[in-house]
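Read through the structure below, which is laid out as structure tokens, and then see the notes.
The values are calculated or read from the model by the stated rules, or taken from the named source; none is laboratory data. Keep in mind that this is a model prediction, so the values were computed, not measured. Quick reminder, even Gly has a Cβ in these numbers, built from the backbone with ideal geometry, and neighbours come from all protein chains shown.
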Ligand code: GCO
Ligand code: MN
Ligand code: MN
């Protein structure tokens, strides 16, 4: 523990039940805590944070892993010797502080060469360069032990709809992913690929805008088994969708390989707020879903602190993400242990067994029985479901009054 910590912070870190621990599998991107607060209207507000300091501070706060884009660590124009030195120093820091790199990815959006996208750019030289850059970055991810390799479409989209045939764009994306899957296989890498949908920003429309679009696309690839999803809370909210339901669909399909946790005020630009800072009920149900349906991957925070903050604010932000996750985990246990809630759920799901057997799959007999059954439509329509009470009890659990 450093001497700069306040007594309150030291207490939160060490001695309460919400304190982050390695087994919670919390991770942050270098780009998240390293975010310097630049936006389209204003310049940087925080000095650069070195990757080594991020590793040290995140370890101190109780995080488990740290993720990166190639250029978060190795500058775009670094020589091979510089690259090797930087990577060696970073690996030493990881081992000194007991941190791992669970996920790596490629920056295919910052350099002006990518202004029309990478794998779907109209320019074949850009598409080829994107493959070269990604192969090198996959090598870096493998060297650092990353089990997941993320593909976020960055600038894969359009501003001028006339510029690209959307069907061609889909085929180009497929060709790139097939190529890179084969590259990973040929090199004996065991990492899995996780695709991250986003509806817009920085392009006015991005291809594969939601979890559902991405999921359907995966099954058209040459190696669908090694490809899954990295959904992000803010991205689905930007599209006005229910993130919990999207994640549930990915989970149920065995495709939730990774997750980007953050928060957002409704459908607007990607705000990347501290996890659980805005949509509290949705965050509660998300944590409940992940914890109860066997999600074993990293709990990754793809978020950053408010632009008003200095470095201390960044660490307040990081600790806040992790503590809030653990608080929701505790609230989910509370919800499950609440006798009134459980009684309502049991009653709701118990149903009337007299119709049993009619819903257990197709058979000729069931078809016959279903056709012959007389339903008491009037009475079924009269039923009250008690969802008002159930939802109020949920709110009371979340707000801590039960
Ligand atoms: C965004 C994205 C990115 C990606 C990251 C990792 O909206 O900027 O969420 O933060 O997650 O590039 O692929
Ligand atoms: Mn993300
Ligand atoms: Mn995002």
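So, in the range 275-297, of the ones that are buried (at least 23 other Cβ atoms within 10 Å of the Cβ) and assigned to a loop (DSSP other than H, G, I, E, B), which residue ends up nearest to ligand 2 (Cβ to nearest atom)?
Per the criteria, the residue is 275.
Kindly indicate whether any position in the range 196-211 is within 13 Å of ligand 1 (Cβ to nearest atom) and under 22 Å from residue 147 (Cβ atoms).
yes
When both residues are 6+ apart or on different chains and their Cβ atoms are under 7 Å apart, which pairs have a first residue that lies in the range 363-382 and is touching a residue at least 12 places away in the same chain (Cβ under 8 Å), and a second that is surrounded by 10 or more Cβ atoms within 10 Å (Cβ to Cβ) and not in a helix (DSSP H, G or I)?
Going by the 7 Å Cβ cut-off, the qualifying pairs are 369/358; 370/358; 373/358.
Of the conditions (1) modelled with pLDDT of 95 or more; (2) out of contact with any strand residue (DSSP E or B) (no Cβ under 7 Å at 6 or more places or on another chain), residue 27 clears all except one; give me its number.
Here residue 27 clears every test but (2).
I'm trying to understand the selection: among the residues of the range 211-246, which are assigned to a loop (DSSP other than H, G, I, E, B) and out of contact with any strand residue (DSSP E or B) (no Cβ under 8 Å at 6 or more places or on another chain)?
Answer for the range 211-246, where residues must be assigned to a loop (DSSP other than H, G, I, E, B) and out of contact with any strand residue (DSSP E or B) (no Cβ under 8 Å at 6 or more places or on another chain): 219, 220, 222, 223, 239, 240, 241, 242.
Considering only helices (runs of 4 or more DSSP H) fully contained in the range 341-402, which possess at least 2 residues that are touching a helix residue (DSSP H, G or I) at 6+ places or on another chain (Cβ under 6 Å)?
387-398
Do you know which residues across the range 247-270 are free of Cβ contacts under 8 Å to residues at least 40 places away in the same chain, closer than 24 Å to residue 146 by Cβ and in a helix (DSSP H, G or I)?
250
Based on what the data block shows, is residue 200 within 16 Å of ligand 3 (Cβ to nearest atom), out of contact with any helix residue (DSSP H, G or I) (no Cβ under 6 Å at 6 or more places or on another chain), assigned by TED's automatic domain parsing to the domain that holds residue 108 and within 21 Å of residue 294 (Cβ to Cβ)?
It is false that residue 200 is within 16 Å of ligand 3 (Cβ to nearest atom), out of contact with any helix residue (DSSP H, G or I) (no Cβ under 6 Å at 6 or more places or on another chain), assigned by TED's automatic domain parsing to the domain that holds residue 108 and within 21 Å of residue 294 (Cβ to Cβ).
Just to be sure I understand, how many residues within the range 27-84 are closer than 22 Å to residue 150 by Cα, outside any loop (DSSP other than H, G, I, E, B) and within 16 Å of ligand 3 (Cβ to nearest atom)?
Looking only at that region, the number is 11.
For every residue, the table says whether it meets (1) under 26 Å from the mean Cα position of the chain (by Cα); (2) modelled with pLDDT under 95; (3) more than 16 Å from ligand 2 (Cβ to nearest atom); (4) at positive phi.
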position	(1), (2), (3), (4)
122	no, no, yes, no
129	no, no, yes, no
139	yes, no, yes, no
143	yes, no, yes, no
147	yes, no, yes, no
150	yes, no, no, no
156	yes, no, no, no
159	yes, no, yes, no
164	no, no, yes, no
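Do you know which of the residues in the range 188-210 that are within 16 Å of ligand 2 (Cβ to nearest atom) and not in a loop (DSSP other than H, G, I, E, B) is farthest from the chain's Cα centre (by Cα)?
Per the stated criteria, the residue is 206.
Residues are listed down the side, and each one gets a yes or a no for (1) surrounded by 14 or more Cβ atoms within 10 Å (Cβ to Cβ); (2) in the same structural domain as residue 34 (by TED's automatic domain parsing); (3) away from ligand 3 (no atom under 16 Å from the Cβ); (4) not in a helix (DSSP H, G or I):
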{"site": "92", "(1), (2), (3), (4)": "no, yes, yes, no"}
{"site": "96", "(1), (2), (3), (4)": "no, yes, yes, no"}
{"site": "119", "(1), (2), (3), (4)": "yes, yes, yes, yes"}
{"site": "140", "(1), (2), (3), (4)": "yes, yes, yes, no"}
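Outside any loop (DSSP other than H, G, I, E, B) and within 16 Å of ligand 3 (Cβ to nearest atom): does that describe residue 317?
Against the criterion (outside any loop (DSSP other than H, G, I, E, B) and within 16 Å of ligand 3 (Cβ to nearest atom)), residue 317 qualifies.
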